[in-house]
Structure formats: C-alpha cells, structure tokens
Amino acid sequence: MHPHLPKLLFLLLACAGSTAAAGQALKQPRPDLFTSGQPSAQQLRDAVRSGVTTVIDLRMPHEDRGYDEAAAAEALGLRYVRLPIDGAAGISEANARTLDRLLRQDPGTTLLHCASGNRAGALLALVRARVQGAPVDDALQFGRDAGLTSLEPAVRAALERPAQP
C-alpha cells in the first residue's frame, strides 16, 4: 500500500463527516499534522487507522465535546494532551511555545483541534513566526491553512508585542 494512502483516506472520511460545530473540514498543514474542529469518536478511530498517534485538544474544560474524548483517545491507544486556550486571551507566545514543545514530543502524526480549527491555526501561526522565525505573512498563511479565521487580529496583536526570550 502507498505510504500516504491511510492519511488520504482519513482526510476523505473526515471531510465527508461532520467535524465541528462550525462545519470546518479537516486540514493538513504539514505531513505530520492534521488540524480540525471537534472530532467525533468515529473520526478518532479513523485517525488511528491513518497513523495519528497524538491528539492535542485546545478546548477549555467546560466546552462540551459530546462524548468523553480523553477516554475514547486513551482506549484507542492515542496520547491525549489538553492545552486549554481561552479564545483570543489564550493566543500568546507562551502558549505557542508550549504547543511547539508538545508537537516536537510526538514522533508520529498529531491531530490538533479546538471547536472549529480557529485556535489551532492561530497558535500554529505564532509558532511559525515566533519559534521558527518565519516572516509574518508566511506565518499567517500557514495559520489560515490550518484553520485560522476570526482570531487573526489576536495573532497580529501577539506578533506586535516584543518577543519573549
């Protein structure tokens, strides 16, 4: 079987099903990273079959996921990590650095999600600019490719603040 076939099937299945309250489709901004809105339990099962090894959940504890996502991920053998991001207030360089560290800890493929993909794209844009040193326009486009929409002003504001050491 072609090495990219499982990932392609995962993308097709995820796009065919309901992924998030806002109707965002699954995105793949780089080969080892998928981003999305809230995945269903079925989509977690599909993710495992496609080689996903880690789920990073950016939703706040009080946000309803519709099922016990942590338990479902654990039952599937996935590493499940919570990094609660509270909307625009959570779009910070410190949270971007934490996300970068979490992504680097995963030797496999990661599924990064929030409710719609917007927070995921926002933090990834900050990672790209502040941690990886990409130009702002390139970082913002990477964020958009990952799901960034209405939080773009928060990302721009974070990029205007002095970089943290």
Quiz item: If you work out percent of Cα pairs over 22 Å apart from the coordinates, which of [x] 55; [y] 43; [z] 36 do you get?
Solution: [z]
Quiz item: Points 7 angstrom from Cα along the Cβ direction at residue 136 and residue 25: gap in nanometres?
Solution: 3.1 nm
Quiz prompt | In the range 66-165, chymotrypsin sites (Phe, Trp or Tyr not before Pro) in a DSSP loop with at most 14 other beta-carbon atoms within 10 Å | solution = 67
Quiz prompt | Accessible-area composition of the chain, carbon plus sulfur, in percent [1.4 Å probe] | solution = 56 percent
Quiz item: If you take the beta carbon distance between residue 49 and residue 70 as r and set R0 to 30 Å, what does 1/(1 + (r/R0)^6) give as a FRET efficiency, to the nearest 0.05?
Solution: 0.95
Practice problem: Taking only Cα atoms and a 10 Å spring cutoff, compute GNM fluctuations for the chain and point out the largest among 111, 140, 76. | Solution: 76
Quiz item: Given charges of +1 on the Cβ of Lys and Arg and -1 on the Cβ of Asp and Glu, with all other atoms neutral, how large is the dipole of the range 24-165 about its Cα centre, in debye to the nearest 20?
Solution: 220 debye
Exercise. Just subtract the alpha-carbon distance of residue 150 and residue 79 from 0.36 nm times their residue separation and send over the number in nm, one decimal.
Key: 22.7 nm
Quiz item: So what is the accessible area of the range 81-165 per residue, in Å², with the probe set to 1.4 Å?
Solution: 43 Å²
Quiz prompt | Of 75, 115, 54, farthest towards positive along the dipole that unit charges on Lys, Arg, Asp, Glu beta carbons give the chain | solution = 54
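The values are calculated or read from the model by the stated rules, or taken from the named source; none is laboratory data. Because the structure is predicted, anything quoted here is derived from the model rather than measured. Backbone-built Cβ (ideal geometry, glycine too); neighbour counts: all protein chains shown. These accessible areas exclude ligands, DNA and RNA; they are computed on the full protein's heavy atoms, side chains included. Shrake-Rupley method; radii C 1.70, N 1.55, O 1.52, S 1.80 Å.
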